[in-house]
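Scroll down for the structure; my scribbles are underneath it.
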Amino acid sequence: MQKAIFPILKTWESQSMNTGSHKDTKAIDFGVLIPYKDTELKAPFDGKIVYVDSQSKGGGIAFESLEKVKYVDGTENYMTIWTGHDNKPPKLGTIFKQGEVYSHMGTAGGVQTHCHLEVIKGKFKMATKYTSKNS
C-alpha cells in the first residue's frame, strides 16, 4: 500500500481554499516558484488518468489511484487528484507510476501559469463544484 506524495516539488500557494474563484470548493492553486521555474507535477501514487476536461474549461485532469492508498489520518481508500490548467494534458487511460511526471502547470482556460489542485477521497465521479467550479 502506498502513501501519497505531494505532486509539486517547488511551489507556493497562489490561492487558498474557499476564496475568490474557489468559493464553496476545496481547491488550492499553486504557482511557479521563482527562480526554480519547476512546472512538473509528479504522480502522487501509481494511478491512471480517468478524466480529461476540455482546454476551454481549464484542462482539468482526474488522476485516480490504481489501489487504495494510506491517508495521513490512517484511513485507507482510493484517492483521486484533480489538477487543472495543463496545456498538453496526458491521454485518457494513461498509467503513471508514483514519482513520474504526469502533468504540468499551465495556462489552459486563459489563466496565468499555475496548477489548480484538489484531493478527492475515493474513486472519481464526474466533475462537480468540488472538483472544478467551471467544469
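The values are calculated or read from the model by the stated rules, or taken from the named source; none is laboratory data. Bear in mind that the values here come from a model prediction, so they are computed numbers and not experimental data. Here the Cβ is made from the backbone with ideal geometry for all residues, glycine too, and neighbour counts use every protein chain on show. The protein model used for the area step is the full one, side chains on, heavy atoms only, and it has no ligands, DNA or RNA in it. Shrake-Rupley method; radii C 1.70, N 1.55, O 1.52, S 1.80 Å.
A few points about this structure:
- Evaluating T75 against the criteria (1) in contact (Cβ under 8 Å) with a residue 60 or more places away in the chain; (2) under 14 Å from V119 (Cβ atoms); (3) open to solvent by 40 Å² or more (accessible area, probe 1.4 Å) leaves one unmet condition, (1).
- Those residues of the range 36-59 which are small (G, A, S) and surrounded by fewer than 17 Cβ atoms within 10 Å (Cβ to Cβ), in sequence order: S54, S56
- Of the residues making up the range 83-90, at least one is surrounded by 14 or more Cβ atoms within 10 Å (Cβ to Cβ), free of Cβ contacts under 8 Å to residues at least 60 places away in the same chain, among the acidic types (D, E) and within 21 Å of T107 (Cα to Cα).
- Scan of the range 49-95 for residues that are touching a Ser or Thr at 6+ places or on another chain (Cβ under 7 Å) and of a type in the set (D, E, K, R), ordered by number: D53, K57, E64, D86
- Condition check for S132: small (G, A, S), surrounded by 20 or more Cβ atoms within 10 Å (Cβ to Cβ) and modelled with pLDDT of 95 or more: no
- Qualifying residue in the range 46-57 (condition: more than 22 Å from K10 (Cα to Cα) and part of a loop (DSSP other than H, G, I, E, B)): yes
Residue-by-condition table, conditions (1) farther than 22 Å from K125 by Cβ; (2) without any contact (Cβ under 8 Å) to a residue 24 or more places away in the chain; (3) touching a Phe, Trp or Tyr at 6+ places or on another chain (Cβ under 7 Å); (4) of a type in the set (A, V, I, L, M, F, W, C):
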| residue | (1), (2), (3), (4) |
| --- | --- |
| L9 | yes, no, no, yes |
| G20 | yes, yes, no, no |
| L33 | yes, yes, yes, yes |
| E40 | yes, no, no, no |
| S54 | no, yes, no, no |
| L66 | no, no, no, yes |
| V69 | no, no, yes, yes |
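- Residue selected from the range 60-72 under the condition part of a loop (DSSP other than H, G, I, E, B) and of a type in the set (A, V, I, L, M), by the criterion least open to solvent (accessible area, probe 1.4 Å): L66
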